[in-house]
1. Across segment 27-46, what is the total count of residues that are of a type outside the set (A, V, I, L, M, F, W, C) and touching a residue at least 24 places away in the same chain (Cβ under 8 Å)?
2. In segment 5-25, which residues are assigned to a loop (DSSP other than H, G, I, E, B) and either free of Cβ contacts under 8 Å to residues at least 40 places away in the same chain or more than 14 Å from the ligand (Cβ to nearest atom) (or both)?
3. Across segment 31-67, what is the number of residues that are away from the ligand (no atom under 14 Å from the Cβ), loosely packed, with under 15 Cβ neighbours inside 10 Å and farther than 18 Å from LEU102 by Cα?
4. Which of the residues belonging to segment 45-95 are in a loop (DSSP other than H, G, I, E, B) and of a type in the set (A, V, I, L, M)?
5. Is it true that THR98 is over 25 Å from ASP148 (Cα atoms), in a loop (DSSP other than H, G, I, E, B) and within 14 Å of the chain's Cα centre (by Cα)?
6. Given the structure, is GLY99 surrounded by 14 or more Cβ atoms within 10 Å (Cβ to Cβ) and more than 11 Å from the ligand (Cβ to nearest atom)?
Amino acid sequence: MSQYATGITVVSTVVDGRRHGLTVNSFASLSLQPLLAMFGCALDAALHEPLSRSGTWAVSVLAADQQPAAAYFATRERPGPAGTDQFDGWPCRPGPVTGAPLLDGALAWMELRTWATYAGGDHTIVVGEVVSMEVGPERPPLLYFRSDYRA
Ligand SMILES: Cc1cc2nc3c(=O)[nH]c(=O)nc-3n(C[C@H](O)[C@H](O)[C@H](O)COP(=O)(O)O)c2cc1C
């Protein structure tokens with residue numbers, strides 16, 4: 001898989017007023033009619049439980065200069081689900097439909113309502129119906145290839 005280049009996203013949700021985020025490169029398009037996208041969420045990811053409760057999520061597609069965000073949202077030591085808000089100090093705005101945080105400076109944003117979930121080994125395959133989307137100014141993307149960040 002390390003030979004397969006991907007973009008990088010931060011998937012987010014909000015539940016009980018607390019915002020959660022996770023660095024994700026398994027994000028993929030799935031269906032045009034209805035408009036569906038998907039990602040794999042590790043069963044032991046801190047996002048897993050709040051996501052199953054909220055039923056809605058947002059995706060920020062990271063730009064080349066957002067490697068610090070990718071690293072932060074992939075770090076176990078960041079504030080946990082029972083601790084303080086994971087987006088504290090990260091410039092963002094609430095998604096217009098779901099309220100899930102959208103990171104400032106991303107290339108594009110989507111909000112999704114969970115449409116189905118499927119067991120996938122130690123991950124859950126989460127399929128969402130796109131309920132809003134926005135594209136930012138054209139800039140280079142952040143990529144992941146051979147286990148490293150690339151631009
Ligand atoms: C580039 C990159 C891509 C990742 N993609 C995924 C993914 O698609 N699904 C997932 O569950 N975890 C993914 N991870 C791992 C999680 O981001 C990381 O394990 C997570 O922060 C676990 O900590 P947490 O339980 O505190 O959230 C990825 C990590 C990196 C660095």
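Bear in mind that the values in this text are calculations on the coordinates, not laboratory data. Since we're looking at a predicted model, the values are computed, not measured. When we count neighbours, we look across all protein chains shown, and the Cβ atoms used for this are built from the backbone with ideal geometry, even at glycine.
1. So the count comes out to 3.
2. ASP16, GLY17
3. Count: 5.
4. Within segment 45-95, ALA45, ALA46, LEU47, LEU62, ALA74, ALA82 meet the criteria.
5. Yes, satisfied.
6. yes
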